[in-house]
Amino acid sequence: MDIKWDQILIIEEPIMFWTFIGLIVSTIGLVAGLTYFKKWGWLWNEWLTSTDAKKVGIMYITLGIVMLVRGGIDALMMKYQTSVPENTFLSAQHFNEVFSAHGTIMIFFMAMPVIFGIMNLIVPLQIGARDVAFPKLNLLGFWITASAAILYNIAFLVGGSPDAGWTSYFPLAGKEFTPGIGNNYYYIAIQISGFGSMIVAINFMVTILKMRAPGMGLFKMPMFTWTTLITCLIMIIAFPIFTIALLAGMLDRIFGAHFFTVADGGLDMMWANLFWLWAHPEVYIVILPAFGIISEVVATFSKKRLYGYHSMVWAVIVISVFSLLVWVHHFYTMGVGPTVNSIFSITTLAIAVPTGIKLFNWLFTMRKGRIVFEQPMLWALAFIPTFLVGGVTGVMLGMASADFQYHNTLFLVAHFHYTLVGGVVYAVFAAFYYWWPKFFGFKLNHKLGNWHFWLFNIGFNLTFLPMFFLGLDGAARRMYTYSAETGFAPLYMLSFIGTLIIAAGVTIFVINIVYSTLKEKRITERDVWGTGRTLEWMVPTPVPAYNFAVIPKVEAIDEFWHRKQTGKEFVNEKEIKDIHMPSHSWLPAYIGLAFFISGFLFVWEFQALAIASLALPFLGMAINSFQYDDGFYIPAKEVIETERKDRGEQQWKAK
Amino acid sequence: MRKLKGLILSVSLLMALFVLSGCELIIFDSAGPQAQILTDLINWSLVWIGIIFVVVLALFITFVWKYRARPDNKDYMPPQEEGNKVIEIIWTLIPIIIVVILLVPTVKSLYALEEVPAEYADEEPLVIHVTSADWKWIFSYPEENIETINYVTIPTNRPVIFKLTSAGTMQSFWIPQLAGQKYTMANMETELPIVAEREGEFFGRNTSFNGEGYREMEFSVEAVSQEDFEKWVAEVHEYADELTEEEYYEKLQPSHLGRETYVGTHLQWINHADHGGNANEKILNPEAYRGHGYPGKIFHDPENAGQQHDGGDHSGH
């Protein structure tokens with residue numbers, strides 16, 4: 001066989017070459033470090049095979065942060081490329097690959113893993129459970145997501161990068177117009193990650209519905225748990241649509257089918273329909289948990305109960321229903337006719353109403369409260385105006401005819417960054433600062449946190465505000481460069497400077513994690529912020545493996561707050577018994593690897609071998625069926641010892 | 001806290017600055033009734049979202065400032081309110097009313113944009129077929145028997161109906177000063193009626209990403225008086241070359257072209273918009289899109305292609 005290395009390893013450009021070298025060096029460094037400090041066993045036993053939802057959550061978040069850095073570097077390259085007219089830093093092809101990677105990675109491998117991670121950490125604690133319903137499946141979900149992320153991320157060096165945008169529209173993404181294997185990575189990796197998402201959805205839906213502590217009715221659940229439940233419901237409805245679309249796309253590309261082709265009766269518009277039938281709900285899959293986080297943070301730091309809890313829950317439910325009825329607004333310009341466009345304008349603008357309700361609820365939660373400006377609250381506060389900008393511009397875009405002027409311009413790009421960054425990422429940062437001490441036993445440094453906050457906020461607005469105006473001035477998205485006559489240059493430059501400031505902010509955030517890990521004061525109070533309301537603040541800090549020594553009996557909404565007010569004790573030592581825990585398992589890691597191998601063979605179009613390799617994950621499942629492992633017990637004595645560590649807190653009882 | 005206020009202030013100042021310079025933004029500089037409908041609608045929406053923005057921001061700043069934690073309210077225990085039905089109903093109803101206020105003109109305009117404006121309804125419209133290909137715009141005048149590439153000459157104050165289709169990838173046809181966007185799709189035809197009321201050269205482009213040459217997919221609209229238009233038609237017939245079928249298929253290959261003008265149209269040879277048929281199959285040429293990386297399998301049978309390719313000028317920039 002005639003092997004051409006320059007087709008397999010894409011390192012002809014200097015940027016690629018040095019990235020490649022950098023990756024190799026850091027991999028060797030990592031392996032050497034782990035070997036030198038003898039940490040392989042620790043990594044494998046404590047983390048990679050752990051079925052503890054908290055550890056799975058932290059692994060998800062770690063993956064998300066690594067991907068944030070990767071996607072962020074993509075963003076910096078794009079912004080640098082467009083900072084001056086006719087720049088030649090990136091070629092058109094390279095730019096196309098970079099923005100495709102940026103979008104895909106940020107949605108699938110940054111936003112979703114981070115949200116899943118937070119769900120893993122918080123949901124069991126908020127509902128008074130010791131773990132999720134299916135711990136091993138949970139770990140499998142992580143491994144599948146991680147192997148999909150790795151598969152997608154090697155594309156740019158091995159075989160060619162996807163270059164049809166994160167929406168990967170047919171017919172452009174088909175073999176008729178992009179014959180190389182680059183876009184195969186998209187269809188395969190995203191399909192694999194879809195299994196992971198589905199596992200999370202099923203797992204958390206069952207966990208929330210079946211494993212709530214006694215007494216916690218649905219309308220006593222904390223807001224974040226509610227939003228997670230609804231998110232899981234949307235995922236279960238929306239993801240199968242996407243899976244089928246990706247499967248059809250894969251059949252087109254790898255097996256020569258004609259679902260979406262130009263030739264032989266394919267219907268490329270069908271891809272856009274199926275894609276957005278999933279992708280619009282997807283927006284809510286990441287933003288609803290963000291709403292939940294903001295609700296928790298605002299209530300805690302205002303020292304008040306969440307205002308209008310019931311209307312908030314109904315707003316989330318209504319949003320979830322409408323999220324499935326608005327997909328056409330992503331292509332009003334397809335010429336579907338005024339009647340269809342009118343209907344979808346109505347459904348789209350209708351979403352503004354429940355979203356408005358949520359905003360007002362947060363505002364009125366703060367009213368008459370006592371607002372403390374801790375790090376999490378700063379992010380929650382900044383969330384409100386930025387998300388407001390995202391929301392009102394969303395209304396503008398939702399008006400179908402007006403959209404004919406905004407569609408595919410930078411106005412649109414600015415809008416969805418105000419919702420996805422100003423919404424999701426802000427909420428995620430709020431969540432990090434808020435729940436960090438609960439799991440690690442120390443807060444993130446306040447001063448560095450302030451720097452992170454202000455740099456990120458200033459940078460963010462500087463990056464995306466100008467893009468609204470560029471869009472209104474006719475700047476289309478995804479252009480790798482522009483001529484000087486357009487007059488776009490100053491605003492593009494401003495936007496680039498903003499991106500640099502964001503990068504500085506994120507760097508300080510990473511520094512903060514390292515610094516605080518080494519230097520910050522350790523804490524053991526259960527109620528880290530002093531005004532916690534929900535059950536996660538009732539367990540010891542850092543959270544022990546078993547979460548709750550005794551499963552609490554819930555009497556009220558905001559049970560922990562209720563107990564503090566009524567002086568009811570947190571744990572009755574007499575009730576502590578041996579606690580049953582799930583065992584570690586190597587199978588999820590194996591199945592993840594199997595999916596990676598199989599996916600890789602599909603990408604490289606070894607059809608027969610690829611189909612045969614599907615036996616690998618099934619083998620893992622078969623082995624699983626013959627494993628009779630009933631888990632292990634943590635003895636009651638050990639539990640009591642852990643629980644006694646912070647007796648000082650019993651002062652709450654006196655109140 | 002002061003920092004937060006300062007930030008909000010500077011952001012709103014920055015915004016105001018942009019808005020003040022906004023009169024020059026291209027979508028507010030309409031040159032015809034269709035674009036004017038959109039400009040009016042956008043301005044209408046800006047008024048209402050401006051109101052929402054100011055009200056919510058005012059509430060936000062007031063609450064954050066007024067209820068901030070101070071050393072002297074350390075022991076203050078906030079009321080644990082559940083909510084208030086009346087207030088919650090009010091803030092549900094007001095957004096509903098605003099949404100209706102925005103939707104009524106939106107729906108009206110959607111129907112209006114599909115038709116030739118009423119005041120021009122009596123005039124004989126000029127029909128122009130638009131074909132987008134990688135990476136150029138082809139305009140065909142069936143009546144005048146003319147084909148142009150990357151520019152289109154139209155008469156002012158006369159309705160023009162663009163019939164849009166594509167010879168390959170999906171693209172979006174946009175002349176911001178004359179009309180909003182509409183997609184061009186292979187095996188499909190969409191229609192976009194416009195009227196230019198001002199003479200001049202207007203900028204047009206594709207906004208739907210379609211590969212390596214996407215950025216260069218621009219064209220210009222030359223709006224001239226009816227007499228000048230007729231003069232232009234006559235000139236073309238006098239000086240321009242005849243378009244041949246072979247030449248036309250060559251043009252469809254992925255490449256960047258300048259402005260070109262021909263006598264004759266491609267409509268006699270191929271109907272890219274043929275919905276039921278497979279007309280576009282013969283012009284597809286995946287080999288011309290080869291880039292770096294590992295070459296995948298191609299299932300499209302090259303023997304069916306009408307054009308035996310020489311690769312085209314796909315790397316030419």
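The values are calculated or read from the model by the stated rules, or taken from the named source; none is laboratory data. Bear in mind that the values here come from a model prediction, so they are computed numbers and not experimental data. Because the Cβ atoms are built from the backbone with ideal geometry, glycine has one as well, and the counts that use them run over all protein chains shown.
Counted as qualifying within the range B:149-227 are the strands (runs of 3 or more DSSP E) with 2 or more residues that are among the polar types (S, T, N, Q), namely B:160-166, B:171-175, B:179-184. Considered as a group, the residues in the range A:345-373 that are surrounded by fewer than 23 Cβ atoms within 10 Å (Cβ to Cβ) and more than 16 Å from A:Met312 (Cα to Cα) include one that is farthest from the other protein chains (Cβ to nearest Cβ), and that residue is A:Thr347.
Scanning the range B:228-245 for residues that are assigned to a loop (DSSP other than H, G, I, E, B), surrounded by fewer than 19 Cβ atoms within 10 Å (Cβ to Cβ) and not polar (S, T, N, Q) turns up just one, B:Ala240.
Residues that are in a helix (DSSP H, G or I) and more than 9 Å from chain A (Cβ to nearest Cβ) were ranked within the range B:109-136; the one that is surrounded by the most Cβ atoms within 10 Å (Cβ to Cβ) is B:Tyr120.
Check off (1) in contact with a strand residue (DSSP E or B) (Cβ under 8 Å, 6 or more places away or on another chain); (2) surrounded by fewer than 24 Cβ atoms within 10 Å (Cβ to Cβ) for B:Glu144 and give me the number that stays unchecked. The failed condition is (1). Among the candidates A:Thr355, A:Thr386, A:Thr365, the residue that is polar (S, T, N, Q) and free of Cβ contacts under 8 Å to residues at least 60 places away in the same chain is uniquely A:Thr355. Among the residues of the range A:146-153, none qualifies, meaning not one is crowded, with 24+ Cβ neighbours inside 10 Å, among the hydrophobic types (A, V, I, L, M, F, W, C) and at pLDDT below 95.
Contact annotation: residue pairs with Cβ atoms under 7 Å, 6 or more positions apart or on different chains, pairing a residue in the range B:89-108 that is farther than 13 Å from B:Val55 by Cβ and in contact (Cβ under 8 Å) with a residue 24 or more places away in the chain with a partner that is of a type outside the set (Val, Ile, Thr) and not in a helix (DSSP H, G or I), are B:Leu102/A:Met399; B:Thr106/A:Met399.
Looking only at the range B:31-40, residues that are more than 10 Å from chain A (Cβ to nearest Cβ) and surrounded by 18 or more Cβ atoms within 10 Å (Cβ to Cβ) come to 3 in all.
The listed residues are A:Leu43, A:Leu34, A:Leu48, and the only one of them that is in contact with a Phe, Trp or Tyr (Cβ under 6 Å, 6 or more places away or on another chain) and more than 19 Å from A:Val506 (Cβ to Cβ) turns out to be A:Leu34.
Just wondering, is there one or more residues in the range A:573-588 that are in a helix (DSSP H, G or I) and within 23 Å of A:Leu137 (Cα to Cα)? So far as the range A:573-588 goes, yes, one or more of its residues are in a helix (DSSP H, G or I) and within 23 Å of A:Leu137 (Cα to Cα).
The single condition among (1) within 28 Å of A:Phe219 (Cα to Cα); (2) free of Cβ contacts under 8 Å to residues at least 60 places away in the same chain that A:Ala556 does not satisfy is (2). Checked against (1) in a loop (DSSP other than H, G, I, E, B); (2) within 24 Å of the chain's Cα centre (by Cα), A:Val297 passes all but a single condition, namely (1).
Scanning the range A:438-474 for residues that are within 14 Å of chain B (Cβ to nearest Cβ), among the aliphatic types (A, V, I, L, M) and over 20 Å from B:Leu46 (Cα atoms) turns up A:Leu455, A:Ile458, A:Leu462.
Within the range A:36-52, the presence of a residue that is exposed (fewer than 14 other Cβ atoms within 10 Å of the Cβ), touching a residue at least 24 places away in the same chain (Cβ under 8 Å) and of a type in the set (Asp, Glu) is excluded.
Taken over the range B:242-259, the criterion of being among the hydrophobic types (A, V, I, L, M, F, W, C) and over 21 Å from B:Arg215 (Cα atoms) is satisfied by B:Leu243 alone. Residues that are closer than 14 Å to B:Ser140 by Cα, more than 14 Å from every other protein chain (Cβ to nearest Cβ) and of a type in the set (Gly, Ala, Ser) within the range B:241-288 comprise just one, B:Gly264.
What do you reckon, is A:Leu229 more than 14 Å from every other protein chain (Cβ to nearest Cβ), farther than 30 Å from A:Met538 by Cα and modelled with pLDDT of 95 or more? Here the answer is no, as A:Leu229 does not meet what is asked. Note on the range A:624-645: residues that are surrounded by 13 or more Cβ atoms within 10 Å (Cβ to Cβ) and either in a helix (DSSP H, G or I) or without any contact (Cβ under 8 Å) to a residue 40 or more places away in the chain (or both) total 7.
Of the set (1) farther than 20 Å from B:Glu81 by Cβ; (2) at the interface with another protein chain (Cβ under 9 Å from one of its Cβ atoms); (3) of a type outside the set (Lys, Arg); (4) in a helix (DSSP H, G or I), all apply to A:Leu288 but (2).
For the range A:53-110, a tally of residues being buried (at least 19 other Cβ atoms within 10 Å of the Cβ), part of a helix (DSSP H, G or I) and hydroxyl-bearing (Ser, Thr, Tyr) returns 3. In the range A:147-202, the residue that is farthest from the chain's Cα centre (by Cα) out of those that are within 9 Å of another protein chain (Cβ to nearest Cβ) and polar (S, T, N, Q) is A:Thr178. Can you say whether B:Lys231 is modelled with pLDDT under 95 and more than 22 Å from the chain's Cα centre (by Cα), as far as the supplied structure shows? Answer is no for this residue. If you go through the range B:183-197 one residue at a time, do you hit one that is at the interface with chain A (Cβ under 9 Å from one of its Cβ atoms) and within 20 Å of B:Phe229 (Cβ to Cβ)? Within the range B:183-197, one or more residues are at the interface with chain A (Cβ under 9 Å from one of its Cβ atoms) and within 20 Å of B:Phe229 (Cβ to Cβ). Here A:Glu520 clears all of (1) buried (at least 22 other Cβ atoms within 10 Å of the Cβ); (2) touching a strand residue (DSSP E or B) at 6+ places or on another chain (Cβ under 9 Å) except the condition numbered (1).
If we keep just the residues of the range B:56-94 that are at the interface with chain A (Cβ under 8 Å from one of its Cβ atoms) and among the aromatic types (Phe, Trp, Tyr), which is surrounded by the fewest Cβ atoms within 10 Å (Cβ to Cβ)? Filtering first and then ranking leaves B:Tyr76. Among the residues of the range B:198-215, those that are buried (at least 18 other Cβ atoms within 10 Å of the Cβ) and either in contact (Cβ under 8 Å) with a residue 60 or more places away in the chain or away from chain A (no Cβ under 14 Å) (or both) comprise B:Phe202, B:Gly204, B:Asn206, B:Asn210, B:Gly211, B:Glu212, B:Gly213, B:Tyr214. The number of residues in the range A:499-537 being closer than 13 Å to A:Trp435 by Cα and outside any loop (DSSP other than H, G, I, E, B) comes to 3.
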